[in-house]
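Q: Mind looking over this structure? Questions follow.
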Amino acid sequence: MNRIEETKIAVIGLGYVGLPLARLFSTAFPTVGYDRNSQRVDELMKGHDSTLEVSDELLQDAIKRGFSCTSQLEHIKDCNFYVVAVPTPVDENHNPDLTPLIGASEAVGKVIAKGDVVVYESTVYPGVTEDSCIPIVEEVSGLKFNKDFFAGYSPERINPGDKLHTVEKIKKVTSGSTPEVGAYVDAVYRMVIKAGTHLAPSIKVAEAAKVIENSQRDINIAFVNELAKIFNRMGLDTNEVLVAASTKWNFLPFKPGLVGGHCIGVDPYYLAQCAQRYGYNPEIILAGRRMNDGMGAYVAEQVVKLMLKQGIQVLGSHVLILGFTFKENCPDVRNTKVIDIIKTLREYNVNVTIHDPWANPEIAQREYGVEVKSVLPTARFDAIVLAVAHKEYEGIDLVPLQADKAVVYDVKSFLPPHSYDQRL
């Protein structure tokens, strides 16, 4: 294992997690970013990040100082500290899909050398790093784990679109396959993480810590989503209830909403499958998932009910959806639950128009088969759904977009009072 001053880093996977981390590491260590997508690499080497997680200024400055990106595996062979930051999605049956992780482990196995360290950042359930990933590295490399090479796990804590809580400002959990390796991995991260680090006693503890972070948020959001359904039937404004309750010092300020993205909407399934492998059925975790996965359809059904109450003919009506990404002020459409609103409305033979100033129309078309407009339409609609609270929608005048008796549904409690008919 190398000394910290000899560390040369390769970050594998240059998406929302990998690129910000690689850019940050480059401020203290020689760093190379690797991604199989050559178009992504070309874009980055021209100084632009289409995910908008790293500004052009920061990226171009890093490149000037020696940071580089490559799609050629041999270009990272002289590194000795490999960081894996690839996606860990779920399949259509909500089972963890480790395919990207397996591919990354095979890539590491082709370049890792004696004394090197591989650190995984991808979200997994406890045991995946040592039981699934490391054996692949061993097999491909021909090296022996904890003798010829070593491993660590440091769960990513990137919050896409958040320019306040950037990677260096979020405390980092670290771990290693031996106490010495743990100390080394922790020291490497501590060189760039201003918020500090927490060295976990084992890789499995670090894996478990990551997977429960978002599961906890998922369950809390599911609770307030259920409250929203209850209070809607009672004729109460959920947001007003939450504001009143939050005056107590230990009340947790969660709000109802759509739960998508690559973390909160996915991680609980990893934890659930792990629990089931040990013979335990995680009732609360899965109940929370069912509640949150059903909110898109619930919103659509509420919109249809409002339209019927207004005497609007639902069949063949026109509905405008404002926002398509999984969260505000971010171009990320992975696992967006807005698509569930759209699918349910289309089941009622509603004509749906989608506007989003952040989403990439080509990606939306490819991944979901929908047309997303970047320019706000000038037509009038029978219903308008504010689905994502992009800053561009702040102070928006919806009146010119509303047809006679049109209804407005505010998913995010974002619109000013009296400008909507109902909110979640």
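The values are calculated or read from the model by the stated rules, or taken from the named source; none is laboratory data. Only a predicted model underlies this, so the values are computations on that prediction, with no experimental measurement involved. Quick reminder, even Gly has a Cβ in these numbers, built from the backbone with ideal geometry, and neighbours come from all protein chains shown. Note: areas computed on protein heavy atoms with side chains; ligands, DNA, RNA excluded. Shrake-Rupley method; radii C 1.70, N 1.55, O 1.52, S 1.80 Å.
Q: Summing Lys, Arg as +1 and Asp, Glu as -1, what charge do residues with Cβ under 15 Å from the Cβ of ILE339 carry, ILE339 excluded?
A: Once all neighbours under 15 Å are counted, the net charge is -2.
Q: Here is a further query. Tell me which of GLY296, TYR348, GLY115 sits at the most positive position along the dipole axis of the chain, charges placed on C-beta atoms (Lys, Arg +1; Asp, Glu -1).
A: GLY296
Q: For the chain, set up a Gaussian network in which alpha carbons nearer than 10 Å are linked by springs, and say which option among PHE149, PHE81, PHE231 fluctuates the most.
A: Taking springs between Cα atoms under 10 Å, the residue moving most is PHE231.
Q: May I pose another question? Considering only DSSP beta bridges whose two residues both sit in the chain, what percent are antiparallel, to the nearest 5?
A: So the antiparallel bridges in the chain amount to around 5 percent.
Q: Compute, for the chain, the length of the dipole vector about the Cα centre, with Cβ point charges of +1 (Lys, Arg) and -1 (Asp, Glu) only. Units Debye, rounded to 20.
A: 640
Q: Okay, next question. Give me the percent relative contact order of the range 365-421, please, defined on Cα pairs under 8 angstrom at least 6 residues apart.
A: Normalised by residue count, the contact order of the range 365-421 is 36 percent.
Q: Compute the length gained on full extension between LYS163 and ASP97: take 0.36 nm times their separation in residues and subtract their Cα-Cα distance, giving the result in nm to one decimal.
A: 20.8 nm
Q: Next up: Compute the separation of the alpha-carbon centres of the range 133-178 and the range 354-414 and state it in Å as a whole number.
A: 39
Q: Let me ask another. Over the range 118-195, calculate the relative contact order: mean separation of alpha carbon pairs under 8 Å at least 6 apart, over the residue count, as a percent.
A: The normalised contact order for the range 118-195 reaches 28 percent.
Q: I would also like to ask the following. Compare the Cα positions of HIS94, ALA104, ILE193 along the charge dipole of the range 71-225 (+1 at Cβ of Lys, Arg; -1 at Cβ of Asp, Glu; about the Cα centre) and return the one farthest towards the positive end.
A: Of the listed residues, the answer is ILE193.
Q: For every helix of n ≥ 4 consecutive DSSP H residues, a contribution of -39,500 (n - 2.57) applies; sum these over the chain, divide by its total residues, and give [θ] at 222 nm rounded to the nearest 500 deg cm²/dmol.
A: Estimated from H runs of four or more residues: -11000 deg cm²/dmol.
Q: Roll a 1.4 Å probe over the protein chains and send me the accessible area per residue for the chain in Å².
A: Here the per-residue accessible area is 46 Å².
Q: Which values of log₁₀ I(q)/I(0), to two decimal places, follow from the Debye formula for the range 223-287 at q = 0.15, 0.27 Å⁻¹ with a uniform point scatterer at every Cα?
A: Cα-only, vacuum Debye calculation for the range 223-287: -0.66, -1.09.
Q: Using a Förster distance of 30 Å, how high is the FRET efficiency between GLN313 and VAL241, based on the Cβ-Cβ distance and rounded to 0.05? Mind showing how you got there, number by number?
A: Values: r = 34 Å, r/R0 = 1.12.
Efficiency at R0 = 30 Å is approximately 0.35.
Q: Could you tell me what % of all Cα pairs in the chain have separations over 39 Å?
A: Roughly 26 percent, rounded to a whole number.
Q: Can you tell me which of ARG217, ARG233, ARG23 moves the most in a GNM of the chain? Springs connect C-alpha atoms under 10 Å apart.
A: ARG233
Q: At 18 Å minimum axial length over the Cα atoms and a Kyte-Doolittle cut of 0.5, report the qualifying DSSP H helices in the chain, or say none. Don't skip to the end; give the middle numbers.
A: Working: long enough: 99-111 (19 Å, 0.69); 203-234 (48 Å, 0.08); 295-309 (21 Å, 0.74).
Qualifying helices, which must be both long enough and hydrophobic enough, are 99-111, 295-309.
Q: Beyond 23 Å between alpha-carbons counts as too far, so tell me which of LYS8/LYS163; LYS229/LYS343; LYS309/LYS391; LYS77/LYS144; LYS8/LYS147; LYS327/LYS373 fall in that bin. Display every interim value, and only then the final one.
A: Details: LYS8/LYS163 27 Å; LYS229/LYS343 20 Å; LYS309/LYS391 31 Å; LYS77/LYS144 18 Å; LYS8/LYS147 20 Å; LYS327/LYS373 17 Å.
Flagged as over cut-off: LYS8/LYS163; LYS309/LYS391.
Q: Taking 8 Å as the Cα distance limit and 6 or more residues as the minimum spacing, I'd like the relative contact order of the range 212-271 as a percentage.
A: It rounds to 53 percent for the range 212-271.
Q: First compute the accessible area of the chain with a 1.4 Å probe, then give the percent of it belonging to carbon and sulfur atoms.
A: 52
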